[in-house]
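Below: one structure, written as structure tokens.
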Amino acid sequence: MKRKWTSIVAASALFALACGTVPAQAEELQEITFVLDWTPNTNHTGIYVAQEKGFFEEAGLQVTVVQPPDDGAEVLVASGKAQFGVSFQDYLMPAVSGENPMPVAAVAAVLQHNTSGIISRQGEGMDHPAGMEGKKYATWDLPIEKATLQQVVEADGGDFSKIELIPSTVTDEVSALQSHQVDAIWIFYGWAGVATELAGLPTDYFSFIDIDPVFDYYTPVLIGNTDWMAENPDAAKAFLAAARKGYEYAVENPEEAADILCAAAPELDPELVLKSQEYLNDYYISDAPQWGYIDPERWNAFYNWLNEKGLTETEIPENTGFTNEYLN
């Protein structure tokens, strides 16, 4: 009976080879390097879930997650040293525009809506943009940042020039507000806003997308090396399918997903991770047809706004810098 079973197995293996297929356990996993945009946080949960639950391995991939270099994830992906990474539509603009664009493109939206806005101490009048007049705002001194702030302040009847722009050294939003180091900070509410809640700090907050839909751009996004993806379309699709499975699993199992992220990055505060995970669960898919989908109309609206404001080196044509081609 043992000889007969051995013969069946051998025949099956030969048939698989003849058909151009190999049993999964015999496959050599394709190596993928994935570069973060920052230290691990809940924007990245789906990647860590996919890794922990074996979704990448099931897709024939061995994924290594690395920290970003000083010049950002875009440069590492464009150089081919990483195949995929994390970026933001506004940060991606210089890489995909101009006379010598980098071979990178957004391939999936991590979150479907922009969760950023301005946070301040409660009751000091900064629950709307014009209330920032005469107040200290922590700025990164970025053209897009300041143009965004100027537009929402002026739309609210305020004078942008009356805001005191303080070079940002903020690493902890809670302590920066409590110490009166600054009065107003641009944050992503799903992390820093949740942190203020857990600290018991009363705050006011306004969201950019509640003021002008043009600011509902994609932040963050997964990016890929366009040359590599063109040469390896099946692997690119497999990576995104496994990532999608990871984010969908996180939506259905937020507590377990938070535990997986904390196990991968034990320096994180478990309470903050869980509360952030629960907050972002409403944004991973939201009103999109599936996780990862990038709406061309919304993508183009933001880049057209940059064109109109003269914030680009050269005018960005529509449908630049993203693709839904590799999403299943």
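Counting only helical runs of four or more DSSP H residues, what would the 222 nm mean residue ellipticity of the chain come to if each run contributes -39,500 (n - 2.57) and the total is spread over all its residues?
Details: 14 runs with 133 residues, N = 328.
Estimated from H runs of four or more residues: -11500 deg cm²/dmol.
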Point-to-point label distance, LEU29-GLU325, nm (Cα→Cβ direction, 7 Å offset): 2.8 nm
Reciprocal of mean inverse Cα separation for segment 116-214 (Kirkwood radius, Å): 13.3 Å
Count, lysine Cα pairs under 21 Å in the chain, 8 or more residues apart or across chains: 11
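Can you sort HIS180, HIS128 from fewest to most other Cβ atoms within 10 Å of each residue's own Cβ? All intermediate terms of the calculation are to be shown ahead of the outcome.
Values: HIS180 9, HIS128 16.
With the fewest neighbours first, HIS180, HIS128 line up as HIS180, HIS128.
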Potential extension, GLN67-GLU267 segment - 0.36 nm per residue separation minus Cα distance: 70.5 nm
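What dipole magnitude, in Debye to the nearest 20, does segment 160-289 give about its Cα centre under +1 on Lys/Arg Cβ and -1 on Asp/Glu Cβ? Can you show the working numbers first?
Working: 5 positive and 23 negative charges, 55 e Å.
I would put it at about 260 debye.
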Cα-projected label distance for GLN122 with TYR293, points at 7 Å along beta-carbon direction, nm: 3.8 nm
Distance in nm between pseudo-label sites at TRP38 and SER286 (7 Å out along the Cβ direction from Cα): 1.7 nm
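Considering only DSSP beta bridges with both partners in the chain, what is the antiparallel share in %, to the nearest 5? Intermediate values should be presented prior to the final figure.
Numbers: 20 of 35 bridges.
Just about 55 percent of them are antiparallel.
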Size of charge dipole - the chain - debye, nearest 20, with Cβ of Lys, Arg +1 and Asp, Glu -1, no other charges: 1300 debye
Inter-centroid distance (Cα atoms) of segment 92-132 relative to segment 286-328, Å: 13 Å
Likely footprinting exposure, VAL104, VAL194, fewest C-beta neighbours within 10 Å first: VAL194, VAL104
Fraction in percent of alpha-carbon pairs per bin - 5 Å, segment 16-146: 2, 8, 13, 15, 15, 12, 11, 9, 6, 3, 2, 1, 1, 1, 0, 0
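Percent antiparallel among DSSP beta bridges with both residues in segment 116-214, to the nearest 5?
Working: 10 of 16 bridges.
The antiparallel fraction comes to roughly 60 percent.
If the viscosity is 0.890 mPa s and the temperature 25 °C, what Stokes-Einstein diffusion coefficient in µm²/s follows for segment 203-246 when Rh is the Kirkwood radius over Cα pairs?
Numbers: Rh = 13.4 Å.
Rounded, D is 184 µm²/s.
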Order of VAL75, VAL152 under a 10 Å beta carbon neighbour criterion, fewest first: VAL75, VAL152
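If exposed GluC sites (Glu not before Pro) are those in a DSSP loop with at most 15 other Cβ within 10 Å, what is the longest stretch of the chain that has none? Don't skip to the answer; put the middle values down first.
On the way: sites that count: GLU27, GLU28, GLU99, GLU124, GLU267, GLU313, GLU315, GLU318, GLU325.
It runs 125-266.
Each value in this text was obtained by applying a stated rule to the coordinates, not by laboratory testing. Just so it is clear, the model here is predicted, and its values are computed rather than measured. When we count neighbours, we look across all protein chains shown, and the Cβ atoms used for this are built from the backbone with ideal geometry, even at glycine.
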